[in-house]
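Reviewing the structure listed below.
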Amino acid sequence: MAELSLQHLEKIYDNNVQAVFDFNLDIKDGELIVLVGPSGCGKSTTLRMVAGLEDISRGKLLIDGKDVTNAPAKDRDVAMVFQNYALYGHMTIYENMAFSLTLRKEDPKVIHQKVLAAAEILGLTDQLNKKPSQLSGGQRQRVAMGRSIVRQPKLFLFDEPLSNLDAKLRSATRREILLLHKRLNATMIYVTHDQIEALTLADRIVCMSMGYVQQIGTPLELYDAPANIFVASFIGLPPMNFFDVRVEGEKLVGDRIMLSLTAAEQAALKAYQGKEIILGVRPENAAPGNEFEMKVTSNENLGMNTLVHGHLGSDGKGAKITCKFAGWCDYKVGDVATVSCVKKHFFDKETTNAIKVEG
């Protein structure tokens with residue numbers, strides 16, 4: 001497999017529109033990196049620069065220590081899986097998977113062995129004589145992955161490969177990609193706008209917005225210690241709640257909300273005494289308690305937990321809030337629920353960067 005070093009990569013198009021700014025990342029051999037962010041954030045452009053499908057405007061790309069910044073795509077030994085499968089409809093599954101090896105004029109016996117091995121890994125052995133039109137979306141995506149596997153590339157690149165699948169197939173194919181990664185111990189870069197895919201697949205996540213890297217870290221680091229409000233709002237479902245509050249001694253005081261601060265939180269917010277900050281509370285960190293009230297506007301029972309939506313205050317005139325309570329709840333519209341915060345996040349109001357709490 002491969003190690004990669006992306007050093008100060010930038011992409012500037014002919015119309016002077018810049019899509020990627022100063023992208024830096026070192027990828028270990030066998031690591032699965034997920035680039036995540038909203039549409040237009042630069043993640044696919046970054047992937048295409050690695051693949052050689054987009055020229056690199058500035059910066060340097062190294063694969064296994066070799067500078068491939070200006071190398072053509074065919075010389076980078078990478079395989080790319082697209083969201084639209086890109087299969088040849090007139091060919092059988094076997095022929096699709098063997099196509100790149102046939103172009104290289106490899107020994108037919110070697111091709112046969114590689115195709116059968118990839119088909120077994122992906123559960124496609126019984127489908128090899130069929131045409132793509134006879135397969136489900138999930139099976140076609142597996143064929144696209146199989147076509148990449150037979151090439152035995154240094155690097156696998158996935159560009160939103162599950163976007164065309166329904167929810168059930170997405171979940172099943174996501175597990176297959178994870179198993180494939182573990183079985184091949186392959187170096188992979190995976191692009192998605194779906195944070196669930198990012199959290200479940202990645203060794204490390206690169207969260208992007210408007211061409212800039214916002215944070216790089218493990219899924220738990222991005223979820224538990226987001227670097228700024230963008231990451232905090234993008235990672236996590238439902239998204240984090242945000243409230244304007246003022247630091248007053250040992251308390252956080254806002255409209256229809258007042259919370260006590262621990263000693264560690266007080267120390268972290270020492271420089272913000274008398275000033276406004278932004279309080280972030282994940283829905284799953286809001287539990288039934290006695291710290292503040294919310295007036296319920298809707299109640300969504302999901303089986304093992306319930307999403308309770310409302311507004312702060314018994315009068316329901318405060319900021320919107322969503323709580324994710326454990327178990328089955330039967331709140332009615334207009335009910336008043338009492339809530340406590342299990343964990344709080346703090347953000348600077350001007351920079352939107354996280355204020356770290358030690359301990």
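The values are calculated or read from the model by the stated rules, or taken from the named source; none is laboratory data. Treat the numbers as computed from the prediction; the structure is a model and nothing was measured. Methodologically, a virtual Cβ is constructed for each residue, glycine included, from the backbone with ideal geometry; neighbour enumeration extends over all protein chains shown.
Taking segment 39-125 and the helices (runs of 4 or more DSSP H) fully enclosed by it, the elements with 2 or more residues that are farther than 26 Å from Arg174 by Cβ are at 93-103, 108-122.
No other residue among Met97, Met80, Met91 is surrounded by 14 or more Cβ atoms within 10 Å (Cβ to Cβ), touching a residue at least 24 places away in the same chain (Cβ under 8 Å) and under 11 Å from Ala51 (Cα atoms) apart from Met80.
Yes or no, residue by residue, for (1) of a type in the set (A, V, I, L, M); (2) more than 29 Å from Leu116 (Cα to Cα):
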| residue | (1), (2) |
| --- | --- |
| Ser57 | no, yes |
| Asp75 | no, no |
| Gly89 | no, no |
| Tyr94 | no, no |
| Met97 | yes, no |
| Ser100 | no, no |
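Would you mind stating whether Leu157 is assigned by TED's automatic domain parsing to the domain that holds Tyr190, surrounded by 22 or more Cβ atoms within 10 Å (Cβ to Cβ) and under 23 Å from the mean Cα position of the chain (by Cα)? Yes, satisfied. If the condition is being among the polar types (S, T, N, Q) and touching a helix residue (DSSP H, G or I) at 6+ places or on another chain (Cβ under 8 Å), then segment 97-133 contributes Ser100, Thr102, Thr125, Gln127, Asn129.
Assessment of segment 288-311 against the conditions (in contact (Cβ under 8 Å) with a residue 12 or more places away in the chain, under 20 Å from Asp348 (Cα atoms) and touching a Lys or Arg at 6+ places or on another chain (Cβ under 9 Å)) yields no matching residue. Looking at Leu259, Leu252, Leu179, just one residue is within 30 Å of Arg142 (Cβ to Cβ) and among the hydrophobic types (A, V, I, L, M, F, W, C), and that residue is Leu179.
Does segment 175-187 contain at least one residue that is of a type outside the set (D, E, K, R), assigned by TED's automatic domain parsing to the domain that holds Glu31, modelled with pLDDT of 95 or more and crowded, with 19+ Cβ neighbours inside 10 Å? Within segment 175-187 (the criterion being of a type outside the set (D, E, K, R), assigned by TED's automatic domain parsing to the domain that holds Glu31, modelled with pLDDT of 95 or more and crowded, with 19+ Cβ neighbours inside 10 Å), the answer is yes, since at least one residue qualifies. Within segment 273-283, the residues that satisfy the criterion of being over 18 Å from Ala319 (Cβ atoms) and in contact with a Lys or Arg (Cβ under 9 Å, 6 or more places away or on another chain) are Gly274, Lys275. Residues that are over 19 Å from Ile27 (Cα atoms) and without any contact (Cβ under 8 Å) to a residue 60 or more places away in the chain were ranked within segment 38-57; the one that is surrounded by the fewest Cβ atoms within 10 Å (Cβ to Cβ) is Asp55. Taken as a whole, the condition of being surrounded by fewer than 18 Cβ atoms within 10 Å (Cβ to Cβ), modelled with pLDDT of 95 or more, farther than 18 Å from Asp224 by Cα and not aliphatic (A, V, I, L, M) does not apply to Thr306.
For segment 277-312, which residues satisfy the criterion of being touching an Asp or Glu at 6+ places or on another chain (Cβ under 6 Å) and within 18 Å of Asp255 (Cα to Cα)? Result: Val296, single match.
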